[in-house]
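Report on one structure; see the data block that follows.
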Amino acid sequence: MRISDLPSLNATLNTAATVLLIAGWICIKCRKKIAHMCFMLIALLVSIAFLTSYVIYHVKVGHVEFNGKGLIRWIYFPMLISHVLLAVATLPLVIMTVIPALRQRFDKHKRIARWTLPIWLYVSVTGVLVYLMCYIWFA
């Protein structure tokens with residue numbers, strides 16, 4: 001695998017995380033606790049793989065410029081800013097969500113997960129959109 005392959009790998013991992021998070025959410029709504037735990041654990045592992053790949057890519061390549069012109073810049077940059085800010089918040093939120101679950105403090109887990117899930121999903125989905133905008137649609 002070349003360094004130039006990492007952005008598409010990252011988008012794939014983000015897409016997988018999105019699907020896994022939604023599957024985990026559906027499972028817990030259907031009271032399928034074991035399936036929920038499995039999907040969420042895999043989502044966590046996929047997100048760790050993403051973060052590792054993302055850091056490696058940006059350490060090697062640095063900043064990637066957005067080439068879109070006109071109105072699309074008014075869409076891209078607010079989305080990118082919100083994505084970055086919420087991505088920074090996601091890691092501590094995930095940790096604060098997982099720890100109570102591991103301690104079987106499901107009341108606390110549920111309270112925090114209500115915030116963590118939508119933020120994590122937003123970050124995953126906008127991560128894929130940032131990839132598409134930077135590397136595919138406006139490359």
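Of note:
- Among residues of region 107-136 that are free of Cβ contacts under 8 Å to residues at least 24 places away in the same chain and of a type in the set (Val, Ile, Thr), those with a beta-carbon under 6 Å from a residue that is surrounded by fewer than 19 Cβ atoms within 10 Å (Cβ to Cβ) and in a helix (DSSP H, G or I) at least six positions away or on a different chain give the pairs ILE112/MET96.
- Assessment of region 29-44 against the conditions (closer than 25 Å to ALA139 by Cα, of a type in the set (A, V, I, L, M, F, W, C) and either in contact with a Gly (Cβ under 7 Å, 6 or more places away or on another chain) or part of a helix (DSSP H, G or I) (or both)) yields no matching residue.
- Residue match in region 90-103 (condition: under 11 Å from the mean Cα position of the chain (by Cα) and under 20 Å from PRO7 (Cβ atoms)): yes
- Verdict on ILE81 being within 24 Å of ALA11 (Cβ to Cβ) and among the hydrophobic types (A, V, I, L, M, F, W, C): yes
- The single condition from (1) free of Cβ contacts under 8 Å to residues at least 60 places away in the same chain; (2) open to solvent by less than 40 Å² (accessible area, probe 1.4 Å); (3) among the small types (Gly, Ala, Ser) that GLY70 fails is (2).
- Going through (1) more than 15 Å from the chain's Cα centre (by Cα); (2) assigned to a helix (DSSP H, G or I) one by one, ALA139 falls short only on (2).
- Filter result (in contact (Cβ under 8 Å) with a residue 24 or more places away in the chain, over 12 Å from ALA43 (Cα atoms) and not hydrophobic (A, V, I, L, M, F, W, C)) within region 9-29: ASN10
- Count of region 88-108 residues, restricted to those that are open to solvent by 40 Å² or more (accessible area, probe 1.4 Å), part of a helix (DSSP H, G or I) and not acidic (Asp, Glu), is 10.
- Which numbered condition LEU9 fails, given (1) of a type outside the set (Lys, Arg); (2) surrounded by fewer than 14 Cβ atoms within 10 Å (Cβ to Cβ); (3) within 18 Å of VAL130 (Cβ to Cβ): (2)
- Output for region 12-60, where each listed residue is open to solvent by 60 Å² or more (accessible area, probe 1.4 Å) and among the polar types (S, T, N, Q): THR12, THR15, THR52
The values are calculated or read from the model by the stated rules, or taken from the named source; none is laboratory data. Treat the numbers as computed from the prediction; the structure is a model and nothing was measured. Cβ coordinates were reconstructed from backbone atoms using ideal geometry, including for glycine residues, and neighbour counts include every protein chain displayed. The protein model used for the area step is the full one, side chains on, heavy atoms only, and it has no ligands, DNA or RNA in it. Shrake-Rupley method; radii C 1.70, N 1.55, O 1.52, S 1.80 Å.
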